[in-house]
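Only the coordinates and a few stated rules stand behind these numbers; no lab work does. Since the structure is predicted, the reported quantities are computational estimates derived from the model, not experimental observations. Counting neighbours? That spans all protein chains shown, and the Cβs are built from the backbone with ideal geometry, glycine included.
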Amino acid sequence: LKNVPEVPTDLADRLKDVKDRSNAKNDEMRSVEMKIQDLRAQVRPHQQAFEGLKDQLRRIDSVRDKKVEQLSKHRHFARLKEADDWVQSKKQAFHGRVFGPLIAEIEVSDPVHQKMIEQHLGPHVLGTFIVTDPRDERMVSEQMKKYNINVWMPRQINNFVPGVISSELRNAGVLCTMDNVFKADPIVKQSLNDTHRICRVHVGDNSLTSSSVNDIFQAGLSDNIYCAKGVYMHRRSRYDRSASTMSQSELRPSRLFVSESSTSRQDIVNKLAQAEKKYREVDDEIKALSQQSVGIRQELQQIMNERKLLNMKAQEPEAKRKKLLTKISHNKQLLKEDEKAASVEDIEKRYEEQSKKLTGNRVEAAMDLIDQVLLSHKICSEANVECLIGVERLVRTQRQTEIISAIELRFTAEREKRDDFKERLKTARDQLAAKKQEAMDIAPLTPEIQEQFARWPKTIEELDNEIKTKRE
């Protein structure tokens, strides 16, 4: 007991220091957790906006697929979907941007404007692809030849300038040029203007009439006007520039365009990028704070381990003292028991008595064990005999079952043969009766014929004998 170590004098100060550091880390942890909760509340609207824009973009892309599918029903564009899939799969390998099919690049929500664009451009233009880099032109053109689809390569890619209308046209009822009724990339609009002059094709309102359109044509303000009432075209004679004609036709129903959103896909993509940026920024802050929280937790765990170690050091002397006191008490009890022993002779006498008692018990236990072994051997033998008898009965039963099954199968087969024979016999009788009736209808049976039949052989054996006789 004198050698038991004492509790360190500075242990209380060390425990107080550990407790203060633990409280400080807990306060820091709570502060970080509150910041994380605030940021999660802030990120929720950005996340909702981000997911909403993703859904909106998904719906727009779904409209794109529907337009490609509609154009694929055209007899010249049966493999348009296959061509579009090839372009989408090769986007990362192209040096420049590849647009197409143009029907998927044009976004127009007004049904009347859809009719105008489809009638002015036609399915062959709407199924065309545009290549912006000369290095991609050969590869795309060779691939599109397999699908019988056109590929355009603009020789000059300038900043596209939208079409404008004069005050005279506006006063006459013209709203805008055709390039302003749909949304598309400037390169797409530039290519369509180069090929189909969409900046010089005008779109009017319902106030236009044939006479007002003719006045516009005669004034040289336009040569092609689309409106809800129809399409007006002004054609000049090749031989006399002063001579001209005006034609009018109705707008054909749109077969290729489907219902679209009025929002541009590029606008959605830009908004989606901004929303994603805001969402990622706040999410990165949350991740940084989460990592900081993990670090604080680790430091707090180290402090708790240090506190636990100090507590163990404080409790160690008292535990050793209690252990030694328990050991001393146990040794004292042993000494008291030794003092109670009478002498060595008493101990030897007591030992012999216990040995005899143990020997007798062992003999009785051995005899009981032998009896139990013999009994278990007898029971096992009887069980084996019963098991063998049961197996033999089971084998006989299985054999009898197999024989009965074979007999049943044979009986079933014979019965099927009998039924089949009866059916064939009935069929033969019916056929013979029909043949007989047919023969009676063709040639009635007269007494002379009956007499002739009576002379013929009645059985197969008689027929064979007669044939053999005639041969001899």
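For the range 449-472, the residues whose amide N sits under 16 Å from a probe point set 7 Å from the Cα of residue 439 along the beta carbon direction are 449-460, 463. Across the cross-link table entries 16/313; 90/278; 54/91, which are compared at the Cα atoms, the separations over 24 Å belong to 90/278. Packing, as the average of other Cβ atoms within 10 Å across residues, places the peptides 223-233, 369-379 in the order 223-233, 369-379, highest first. With all pairs of separate Cα atoms included, the range 265-310 yields a Kirkwood hydrodynamic radius of 13.3 Å.
Set the bar at 27 Å for Cα to Cα. Now go through 67/145; 146/271; 66/183 and name every pair that lies beyond it. Pairs exceeding 27 Å: 146/271.
Taking 0.36 nm per residue of sequence separation and removing the Cα-Cα distance, the residue 74/residue 28 pair yields an extension gain of 9.7 nm.
By the Stokes-Einstein formula, at 1.306 mPa s and 10 °C, the range 412-472 with its Kirkwood radius over alpha-carbon pairs has D equal to 108 µm²/s. Taking label positions 7 Å along the Cα-Cβ direction at both residue 294 and residue 455, the computed distance is 11.9 nm, reported to one decimal. One way to sum up the overall shape of the range 109-167 is the equivalent ellipsoid from its Cα gyration tensor, whose semi-axes run 28, 19, 7 Å, largest first. Between the range 393-472 and the range 359-385, what is the C-alpha centre distance in whole Å? Their Cα centres are 78 Å away from one another.
The H on the amide N of residue 176, modeled in the peptide plane, is under 5 Å from the matching H of 203, each at least 5 residues off or on a different chain.
Here r is the Cβ-Cβ distance between residue 161 and residue 112 and R0 is 22 Å; the resulting FRET efficiency, rounded to 0.05, is 0.30. Computed from the C-beta positions of residue 12 and residue 336 and an R0 of 51 Å, the FRET efficiency is 0.75 to the nearest 0.05. Each 10 Å bin, from zero up to the one with the longest distance, holds this percent of the alpha carbon pairs of the chain: 3, 9, 10, 8, 6, 5, 6, 10, 11, 10, 8, 6, 4, 2, 1, 0. Each peptide among 400-413, 149-162 gets the average number of other Cβ atoms lying within 10 Å of its residues, and from highest to lowest they stand as 149-162, 400-413. Here the gap between residue 233 and residue 380, fully extended at 0.36 nm per residue and compared with their Cα-Cα distance, gives a gain of 41.7 nm.
Per-peptide packing, taken as the mean over residues of other Cβ atoms within 10 Å, places 88-100, 355-367 in the sequence 88-100, 355-367 from highest down. With the helix formula -39500 (n - 2.57) applied to DSSP H stretches of n ≥ 4, the chain reaches a computed 222 nm mean residue ellipticity of -25000 deg cm²/dmol. If R0 equals 22 Å, the separation of the Cβ atoms of residue 90 and residue 270 corresponds to a calculated FRET efficiency of about 0.35. For the modelled label position 7 Å from the Cα of residue 148 along Cα-to-Cβ, which residues of the range 118-134 have backbone nitrogen atoms closer than 14 Å? Hits in the range 118-134 for residue 148 at 14 Å: 124. Listed by chain and number, the lysines whose alpha-carbon sits under 27 Å from that of residue 332, ignoring those within fewer than 8 places in the same chain, are 2, 320, 322, 323, 340, 349. Partners of residue 417 within straight-line reach, counting lysines whose Cα lies under 17 Å from its Cα and excluding those fewer than 8 residues away in the same chain: 426.
Listed by chain and number, the lysines whose alpha-carbon sits under 24 Å from that of residue 468, ignoring those within fewer than 8 places in the same chain, are 458.
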